[in-house]
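Enquirer: Next up is a structure, given as C-alpha cells.
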Amino acid sequence: MKVHRLEREQWLPAPMERAFAFFADAANLETLTPPWLGFRILSALPIAMRPESRIEYRIALAAIFNFRFARIRELFPRSRTREAERAG
C-alpha cells in the first residue's frame, strides 16, 4: 500500500484555548467539511480526543459512499495534533 503524507499549518484569529476546544469536539468535523462531501460521523458521540482515539466516518463523492476512519496519533493541547487516515 502506498503511503501519502500531507502536512498543513493553519493560523486562526482566535485564542489557542478556544481553537483547541473547538477541534477537541469531533462533532465539529461536520461543520468544517464542505457540504458537497456528504461527511457523516459514524462513531458514537462524544468521542474523547486523545492519542489512539478512532473516528469512523463516511464521505460521499458523486453518490458513491466511502467509509474511512481517522486515528489520533498525537495530541499536544495548545500546540498540535497528528492523525492517520485510512480507508475502511
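Enquirer: What is the sum of charges around L37, taking Lys and Arg as +1, Asp and Glu as -1, for the other residues whose C-beta is under 12 Å from the C-beta of L37?
Expert: +2
Enquirer: Right, something else. Quick one: net charge around A48, please, counting Lys, Arg +1 and Asp, Glu -1 for every other residue with C-beta under 12 Å from its C-beta.
Expert: 0
Enquirer: Report the chymotrypsin sites (Phe, Trp or Tyr not before Pro) located in region 6-48 that are in a DSSP loop and have at most 12 other Cβ atoms inside 10 Å of their Cβ, or state none.
Expert: The qualifying sites are W11.
Enquirer: Counting other Cβ atoms within 10 Å of each Cβ, which GluC sites (Glu not before Pro) in region 20-80 have at most 10 and sit in a DSSP loop?
Expert: For GluC sites (Glu not before Pro) across region 20-80 that sit outside H, G, I, E and B with at most 10 neighbouring Cβ atoms in 10 Å, the list reads E52.
Computed from the coordinates by the stated procedures, all read-outs in this text should not be read as laboratory data. Computed from a prediction, not measured in an experiment: that's the story for all the values here. Backbone-built Cβ (ideal geometry, glycine too); neighbour counts: all protein chains shown.
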